[in-house]
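This report concerns only the one structure given below.
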Amino acid sequence: MTPLLEMTAIDKAFSGVSALVQSRLEVRPGEVHALIGQNGAGKSTLIKILTGAYRRDGGSVIFDGAPVNFSSPRQSQDAGIATIYQELNLVPLRTVTENVMLGYEPRRWGGFIDWRRAHRRTREILDGFGVNVDVRAPLERCSTAIQQLVAIARAVSINARLVIMDEPTSSLDDREVDVLFGVIDRLRRNGVSVLYVSHFLDELFRISDRVTIMRDGRTVGCRPIAETSKLELIADMLGRDAEEIRSAGMTGFGGVHAASGERLLAVEGAATLNRLKDFSMDLRRGEIVGLGGLLGSGRTEAAKALFGVDRLTAGSITLKGARVSWMSPRQAISAGLGFLTEDRKSEGIIPDLSLRENLTLAMLPKISRRGRIRHDEERRLVERFIRELDIKAAHMDQPVRELSGGNQQKVLLARWLALEPELLILDEPTRGVDVGAKAEIQRIIRDHVEQDISVLLISSEFEELVEGADRIFLLHDGRTTSTLRNPGVTEDMLIGAVAHNANEASVQDGQ
Amino acid sequence: MTTRGPFDLDLRHMVRGDTQMIGVWVALLALIVFGLLRYDNFGSSYNIFSFLNYNSMFIVISIGMALVIMTGGIDLSVGSVAAFTSVCAAYLSPYGIEIALPGGMAAGAAIGGVNAFCIIAMRIPPFIATLATMLGAKGGALVISGAQTVSVDWSSNFTVFGMGKAFDLVPWTILVTLLVALVAWAILEHTLLGRTILAIGGGEEASALMGLGVTRAKTFVYLFSGACAGLAGVILASGYGAGQPLEGLGWELSAIASVVVGGTLLTGGLGSIPATVAGALLLGLVFNILNFENGKGTISLSAYWQLVIRGAFLFLVILLQSQFRSRPNAPR
């Protein structure tokens, strides 16, 4: 079978630093092709060269039988390559139809846009996906999943031959992922190829036909997914031996330990105006308590209620036996809490500030005297954490935006650890970081729990919860629905409990 | 992390934001050298002092504006506030500069307080809120002055501030401007408040989640900007011997231009006080040099044309900056 896309011996360097060395990629017609690798392996660069966002230094690209050299994303789009970015490039205030058709609207005589046909065509495509939305509604009223599907609908409407998806499921819950995969399957059957970039290995086995693995700017392997295993893929990505990894144990926060300490935190029937309706839990000193549930179940909202971001409208929070009601995160912090947000980009890092400044932001009051920052102490502290957490940066004054995702996450983690909190709330601590950094972050957390920090762990990865938490509280629709106690919890049990909570729901125009 | 040796000096933490601020220093230096070579009296103490004296108002306003912009906000009211406080200061002039100076600054800070209240408590976007106070202060200045310039009391020491020299050496205005710049710089580089100001501009939500005093810092920048505009008004009244209710037109735009030329991002989160001062000096210097050029008789440009040239120059500097900034970074 002639491949639809053939990239061979691609070289690319940025100001002398090689990003891609002799890398290659081959996608066949009508296949779902996964592209994996750690952060910095060169996936994004390769894709940007394909779409014309970057120009290659060497190598050749053959698309649909002809050599191509796109100089702009628009050119590649016209040739039939559509890209759906991690951060969706859509116009939230305009209607679904406009977002699907923008730039390619059907015209009537005289060049006027034929809105009736545009709406009809959009509805046809989305109906074909099994999604029922009001195409005349502004896009911002749709859920993230629907927005994602709208982006795909746009690709379909311009008759794309190859659809590139960059981490399409990172903000979707399980049901939404199912719908997305249904759509991908439909694309495949219609002969459209999909290039699928994801950190979630489980997904690849569900959806893709073949997988290309990249490491350090090189293509290190390409094989049918049916003939490989998760462990092999991880080994390839990390450049290690599969057996070595198997024996070392890649993930998890380590052994579950019995927590018999005093009760640190208790929440009774907490409710906020922000989707939290009836949330109860408790946590003992030295314990890791997991908070699970589907996206939109109120996990993050529960954390925000605990941290004083959202005010309680009902219920109570008790810390060390005393009732508390914080008006702001500031009060929660001084009471000994820390909160690592899931939204690293908009709620976590301050991109233009340096690594040093980002790391010490939350603890500035501690290292200032009468409002004046003690710079020497600050630098000493930052140096210590860079060493302890093995943060990779040119120097501590480097703008944090230049760091990789995993290192940014470590900076944020250090920000809270430096405060020596009693209770650290971790919301998706390993989301969007590569496998290596993930294991490191989990090790750091484990080390600090042993040093008597309690952790409330929020995760959408069941594996992380099962292996990491002593007890797991499950949420659905803003209410605590069940509690599971380790040891003995399995991933299947957890999934079963979550599914039981959610079985009546289905993907619709969620808001 | 590479370890840094004691002699491996890293300028980055001394001059925040590095590359995009190079433009303003290069341009400023070039203009100064050009002026020194071409005009005989350019480097005379008379020209230097009268130049700095005149521009001290704009520098002070730009410094206040810089802090506001670093939080991601904007203060359009500064020009009107300066006009308003120049009238206030003129009325207070019989009591001497000891009263008129703090009085004028307090009047400015009060309007800054209104700005802060509207923006923080009432959640009105800074652009709209300060547009409203800009009109209000303008009206206020016209009302209390009867739309006339208000003469100051020449018998008190009020005009000494705007016209005289401290210890017969340096004009008072320059000294005060330097002091304001120093205070703003120290706050920004050395205090929790300064770090908070930059953090807010980089991400307000993130800053709040870190327990930073977001409300306090935002209140501070608008109060500070108001007080700076108030000071500019006092300098205006003291230097011209009259409260000027009709002055201050477009000053907010000059201030914004200075801040931007100084490399501060309009979206906030990044900026520098020395570079802002350099930006204000640069824009003033363009006028100064055109005046010299007119004096030489080689060209004859009206004030209107000077504005056009200043605009073109502004464009050039910003172009230069974006060139520095858009150098490709290494990919992640």
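The table that follows gives values for the structure above.
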quantity: Cα-based shape type of the range A:374-420, given that a ≥ b ≥ c are square roots of the gyration tensor eigenvalues and the cut on a/c is 1.5; calculated: oblate
quantity: Cut-off under 5 Å, modelled amide H: who pairs with B:G211 long-range; calculated: A:R330
quantity: When each of A:K304/A:K345; A:K366/A:K438; A:K320/A:K366; A:K366/A:K392; A:K12/A:K392; A:K345/A:K366 is checked by Cα-Cα distance, pairs over 20 Å; calculated: A:K366/A:K438; A:K320/A:K366; A:K366/A:K392; A:K12/A:K392; A:K345/A:K366
quantity: Cleavage-rule hits (trypsin sites (Lys or Arg not before Pro)) in the range A:1-78: DSSP loop, at most 15 neighbouring Cβ within 10 angstrom; calculated: A:R55
quantity: Note, ³J(HN,Hα) from phi for the range B:38-48, Karplus 6.51, -1.76, 1.60, rounded to Hz, x at Gly and Pro; calculated: 8, 10, 5, 8, 4, x, 5, 5, 4, 5, 4
quantity: Surface accessible to a 1.4 Å probe, A:M165 within the full protein complex, Å²; calculated: 0
quantity: Averaged over B:168-174, number of beta-carbon atoms from partner chains that fall within 10 Å; calculated: 0
quantity: For A:365-374, mean number of other protein chain Cβ atoms within 10 Å; calculated: 3
quantity: Separation of alpha-carbon centers, the range A:117-143 and the range A:312-356, rounded to whole Å; calculated: 39
quantity: Prolate/oblate/rounded call for the range A:294-365, Cα gyration tensor, a/c under 1.5 rounded; calculated: oblate
quantity: Shielding by partners, peptide B:190-201 (average Cβ within 10 angstrom, other chains); calculated: 5
quantity: 20 Å-binned pair-distance histogram of chain B (Cα, whole percent); calculated: 31, 57, 12, 0
quantity: Helix-derived mean residue ellipticity, 222 nm - over chain A, DSSP H n ≥ 4, -39500 (n - 2.57), to 500; calculated: -10000 deg cm²/dmol
quantity: 5 angstrom amide H check on B:Y39, placed H, neighbours 5+ away; calculated: none
quantity: Mean ellipticity per residue at 222 nm, deg cm²/dmol - from DSSP H runs of n ≥ 4 across chain B, formula -39500 (n - 2.57); calculated: -23000 deg cm²/dmol
quantity: Accessible-area order (highest first, 1.4 angstrom probe) of the listed residues A:Y104, B:Y95, B:Y240, B:Y39; calculated: B:Y95, B:Y240, A:Y104, B:Y39
quantity: Peptide ranges A:133-144, B:301-312 listed from the most packed, as the mean C-beta count within 10 angstrom indicates; calculated: A:133-144, B:301-312
quantity: Area accessible to solvent at B:F292, 1.4 Å probe radius, in Å²; calculated: 50
quantity: J(HN,Hα) series, the range A:423-431, from Karplus relation 6.51 cos²θ - 1.76 cosθ + 1.60, nearest Hz, glycine and proline x; calculated: 10, 10, 8, 10, 9, 6, x, 10, 6
quantity: Hits among lysines - C-alpha to C-alpha of B:K138 under 23 Å, sequence gap 8 or more where chains match; calculated: none
quantity: All-pairs Cα distance distribution in the protein assembly as shown, expressed in whole percent, bin size 10 Å; calculated: 2, 11, 18, 21, 20, 15, 9, 4, 1, 0
quantity: The range A:5-248: projected area of the alpha-carbon convex hull, averaged over directions, in nm²; calculated: 14.6
quantity: Cα centroid separation, the range A:388-433 to the range B:58-100 (Å); calculated: 42
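The values are calculated or read from the model by the stated rules, or taken from the named source; none is laboratory data. Keep in mind it's a predicted model, so treat the numbers as computed, not measured. Cβ coordinates were reconstructed from backbone atoms using ideal geometry, including for glycine residues, and neighbour counts include every protein chain displayed. Please note that ligands, DNA and RNA were not included when accessible areas were found on the heavy atoms of the full protein model with its side chains. Shrake-Rupley method; radii C 1.70, N 1.55, O 1.52, S 1.80 Å.
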